[in-house]
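Working notes, beginning with the structure itself.
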Ligand SMILES: Nc1ncnc2c1ncn2[C@@H]1O[C@H](COP(=O)(O)OP(=O)(O)O)[C@@H](O)[C@H]1O
Ligand SMILES: [Mg+2]
């Protein structure tokens, strides 16, 4: 009954929480998310299948009500209202659901509840069997190192998109709570977009993490090795590294007909053999998008500015743009 992810989670918990909190670069949101996930470990260890079903019902009804009336949940699950009330009470206590009583008694799934559902499914499907320390702290996501069923290290990315846009929505509508259905929709959409593009690019030989699984707002992918380009001060062959990056931009443009949209030294890894991996793709756009050329030029400017500053390599942006988009050059990667 106990899924292995939870076991490993629990084993790691004691030292991990202590280790993680003081990490200087840990932003407040990330720290909270990390603690929250370790808290989920304990919860998931004891959660019953009925409780999971209640969470799934709340997830399905999320588009229809901000807070779902008790009767709706009971009808959806064909269960007695008293039983549902008991289960919802329990879930509310452990903060997997939120409760509101104004004109009626209603419940909604919380972010933690949504994380719990994704983790639960990934563990049930044996995609990941343990979850470890966070690798990295990004703008809109937290990425954890994890183990798959064969003991191989993989990366698990929780997308938490739209936090800034929610602040705006909240202010505009004078809302105290953030609309959970929008948060779910945004994060799920971002994960789906990223996973989809990783598949396309990986299949055509792109240097991107291998996509392994998608569940709700969570992506499982192969682990990258090396360092963030940003953190690299010396390269043996900086020209070659830059050319590899440009080749990837070209491959995406010529073969997949898309642009990254958020390319910079923050979203490129370089391994010990000076091979690049391009990651963090949820903002990609197809070439048919009206801003795609503008985005491509911005992507290239970020990279060229970085190489100019750090490695004194001067490439002209317009020339490079021409080179990357010139029809014939795409042939090289074809096999
Ligand atoms: N596949 C991976 N393997 C190892 N580390 C990763 C992987 N994907 C992301 N990371 C780490 O997580 C950090 C944040 O990931 P990223 O995809 O850039 O999210 P964000 O949108 O938050 O910037 C990265 O800077 C990197 O250190
Ligand atoms: Mg990033």
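Has the stretch 114-137 got any residue that is buried (at least 20 other Cβ atoms within 10 Å of the Cβ), in the same structural domain as residue 182 (by TED's automatic domain parsing) and without any contact (Cβ under 8 Å) to a residue 60 or more places away in the chain? Checking the stretch 114-137: not a single residue is buried (at least 20 other Cβ atoms within 10 Å of the Cβ), in the same structural domain as residue 182 (by TED's automatic domain parsing) and without any contact (Cβ under 8 Å) to a residue 60 or more places away in the chain.
Residue 284 meets all of the listed conditions (1) within 15 Å of ligand 1 (Cβ to nearest atom); (2) closer than 20 Å to residue 230 by Cβ but one, namely (2). Condition first: under 18 Å from the mean Cα position of the chain (by Cα) and buried (at least 16 other Cβ atoms within 10 Å of the Cβ). Now tell me which residues in the stretch 224-235 satisfy that. 224 - this is the single residue of the stretch 224-235 that is under 18 Å from the mean Cα position of the chain (by Cα) and buried (at least 16 other Cβ atoms within 10 Å of the Cβ). The strands (runs of 3 or more DSSP E) found entirely in the stretch 85-203 that carry 3 or more residues being away from ligand 1 (no atom under 16 Å from the Cβ) and either within 21 Å of residue 67 (Cα to Cα) or at pLDDT 80 or above (or both) are 97-101, 105-109.
The values are calculated or read from the model by the stated rules, or taken from the named source; none is laboratory data. Note that the coordinates shown come from a computational prediction; the quantities given were computed from them, not determined experimentally. Ideal geometry is used to build each Cβ from the backbone, glycine not excepted, and the neighbour counts take in all protein chains shown.
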